[in-house]
Structure formats: structure tokens, C-alpha cells
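These notes concern the structure reproduced below.
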Amino acid sequence: MHIDEHSITDAVIRSFDGCDNPRLKQIMTSLVTHLHDFVRETRLTEAEWMEGIRFLTATGQKCNDTRQEFILLSDVLGVSMLTVALNQARSPGATEATVFGPFYTDDAPRLEQGADIAGDAPGEPMEVDVVVTAPDGSPIAGAQVDVWQADEEGLYDVQRATLGTRRRGRAAMKTDAEGRLRFRGVVPTAYPVPTDGPVGRMLVATGRHPWRPAHMHFMIRAEGYETLVTHLFREGDPYLDSDAVFGVRRSLVVKIPSSPKPVLSHTFVLDRLISDSA
Ligand code: BEZ
Ligand code: FE
């Protein structure tokens, strides 16, 4: 059969006729359709195709147990946030979700109410005072709240080789009987996404900056509710309108008053879990 620039897309799509997984077939068909349209629309040259192959190869080679350059690529192209926005649509009034990011670990210290999660991390101390509720405003007692944040120099504990496996700036805690959780961290500061790899080079080449506005991460889990993965962003941060990973939602921007001392307060509203059997 004769293949030219017009017939090739149908030929590739037909090659999936025997695929017995309908979702996989749909995804591959759509992917090929959009990829071919991209090549036709840009009239991609062979040199540019090779540059793309080199870039993707370098992206894979940058990945290891603690570094996921492909997720970073997805993040800076807005694909991670688009996937979150489509899959984690919340009912009105429920707290919105945002990107997970690469710096969560599952070995954070389990700490009690009132704990100082920063330890010896550099930064200005900040009180955190949050409440977790159901959509009707009733408190959720015993909700599992995982928090993680960068220090004043914009680094997470896992980015500091000198700390080894020692953890700071993160904790796993639980809300009290009133759904409340109080602890101490540091005032968050803006920081750049990792730029020492191909994604960083792409940001430079396209005239983009790597900065994320100052934020603290939260993952909140409670039985009978949708797990919430989100951040609180610091009001007034200069990067709120140009987050390198497009993760800002207006409802997550919070004022942190600095006097008499910095306090971050917020009420998180969890959506009820719609069970499959319902
Ligand atoms: C973060 O906020 O920790 C993050 C998210 C996406 C890419 C890099 C860092
Ligand atoms: Fe972060």
C-alpha cells in the first residue's frame, strides 16, 4: 500500500484495529492523530526531530530513584495540572487540589499537635493553624494530615545530601476532636524547580523562569472522604501569576500576616467519597 504524508495517519490508526483494550486503543489513536498533526502543522525538520529524540533521551537518562525528570517535564508543560484539574474536580465549597510534586516522602516523622516540624531548617518560624471539615462544616476528627515544605533557602530536606535520610520540614499528624491541627513550620519562600537537567535547559531556551511561588504542601486523608492533595500559597508572592508548573488556584492563596508573628490559617473542606457501589 502506498504511504504518503496524507495516508500515513489512517494507516497507523488502522494498525491498532486488533487492540482488544478499548481504552488503550482510544488513547493510542488520539495520541497518533495529535502527534501527526503536530508534525504536519510545524513541518518538523529531520534535525528538529533528532533534537526532540535527544531531549527525550536526556530526560530519561536524568531519572533515578529520587529524580523524575519526565514528571518535571509534564509539570512545566502543564500536563500534570491539567490531569489533576480534570480528575479531581471538586464540588462547590470543597478545597481544590493541585499538583503533588516530587518532594513527598512516606517516611515523615509522626508528630503530635503543636509540634515544630522545621527542626533545624533555616527560616522564620510560622504558626500553622488549620481545620479540616466535611462539606456541611462539621469537623473531621483524626484526619491524617501530611505536610511538607521547603526551607528558607528554597530546599527540601531530600535535596540536601548532607542530611542523608534525616527528615525535617515535613510531618505526618492528625487533627484533634475539633478537626483542628496546630503546628510550627517556617514562612515559605519561592524556589526554583530543579534546573540542572534537560527540562531546565528547555526553560532557558524558551525564555521561561523556573520559580514556584511560596507554598506549603498538604495531603489530607480521612475515611469516607476523597483524599485531598493540595498546597497553600502565600499571598503577595511575585510568582503567583507565573508558577513554573501552573499549580496556582485562587482559592488556595492565603494571607500570612506577619505581625505579631507569622500565622498560616485555613479551613480545608473534604469532599465525601462517592462509593462505587452507591
Ligand atoms: C513542588 O512544589 O514541590 C514541585 C512541584 C512540581 C515540580 C517541582 C516541585
Ligand atoms: Fe513544593
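The values are calculated or read from the model by the stated rules, or taken from the named source; none is laboratory data. Since we're looking at a predicted model, the values are computed, not measured. Neighbour counts are summed over all protein chains in view; Cβ atoms, including those assigned to glycine, are modelled from backbone coordinates with ideal geometry. Note: areas computed on protein heavy atoms with side chains; ligands, DNA, RNA excluded. Shrake-Rupley method; radii C 1.70, N 1.55, O 1.52, S 1.80 Å.
Annotations for the structure displayed:
- Heavy atoms of residue 229: accessible area, 1.4 Å probe, square angstrom to 10: 20
- Estimated translational D of segment 168-278 in µm²/s (Stokes, Kirkwood radius over Cα pairs; 20 °C; 1.002 mPa s): 131
- Helix-only [θ]222 nm of the chain, DSSP H runs n ≥ 4, -39500 (n - 2.57) each, per residue, nearest 500: -7500 deg cm²/dmol
- Of 66, 83, 133, the residue with the largest accessible area leads and the full order is 66, 83, 133 (1.4 Å probe).
- With a simple spin-label model that places each label point 7 Å from the Cα along the Cα-to-Cβ direction, the separation between residue 87 and residue 129 comes to 3.6 nm.
- Contour excess over end-to-end distance, with Cα ends at residue 155 and residue 47 and 0.36 nm allotted per residue: 35.1 nm
- Loop trypsin sites (Lys or Arg not before Pro), segment 132-210 (other Cβ atoms within 10 Å of the site Cβ: 15 or fewer; DSSP): 160, 166, 208
- What the Cα convex hull of segment 69-277 gives, in volume per residue, is 131 Å³.
- Under the convention that each Lys and Arg Cβ holds +1 and each Asp and Glu Cβ holds -1, the size of the dipole of segment 69-277 around its Cα centre is about 140 debye.
- Along segment 221-227 the Karplus relation, 6.51 cos²θ - 1.76 cosθ + 1.60 evaluated at θ = phi - 60°, assigns HN-Hα couplings of 10, 8, 4, x, 10, 5, 5 Hz to successive residues, with x for each Gly and Pro.
- Kyte-Doolittle mean at least -0.5 and Cα axial length at least 15 Å: DSSP H helices in the chain: 22-42, 46-61
- Rounded if a/c under 1.5, otherwise prolate or oblate - segment 111-220, Cα gyration tensor axes: prolate
- Carbon + sulfur, % of accessible area of the chain - ligands and nucleic acids excluded, 1.4 Å: 55
- At a probe radius of 1.4 angstrom, the accessible area of segment 21-167 per residue rounds to 60 square angstrom.
- Near residue 167, once Lys and Arg are set to +1 and Asp and Glu to -1 for all other residues with Cβ below 15 Å from its Cβ, the sum equals -2.
- Additional length obtainable on full extension of the chain from residue 39 to residue 174, 0.36 nm per residue less Cα span: 43.5 nm
- Dipole in debye (nearest 20) - segment 77-125, about Cα centre, beta carbon charges: Lys, Arg +1; Asp, Glu -1: 360
- In this simple spin-label model, placing a label point 7 Å from the Cα along the Cα-to-Cβ direction at both residue 273 and residue 57 gives a separation of 4.6 nm.
- Accessible-area order (highest first, 1.4 angstrom probe) of the listed residues 231, 36, 6: 6, 36, 231
- Tensor-based shape of segment 1-95 (alpha-carbon gyration tensor, a/c under 1.5 rounded, otherwise prolate or oblate): oblate
- Rolled with a 1.4 Å probe across the full set of protein chains, the surface gives residue 209 an accessible area near 60 Å².
- Within segment 157-184: backbone nitrogen closer than 17 Å to the residue 65 label point (7 Å, Cα to C-beta): 158-167
- Distance-filtered residues of segment 121-141 - backbone nitrogen under 17 Å, label point 7 angstrom along residue 261 Cα→Cβ: 121-130
- Bridges between two residues of the chain, per DSSP, are antiparallel at a rate of about 70%.
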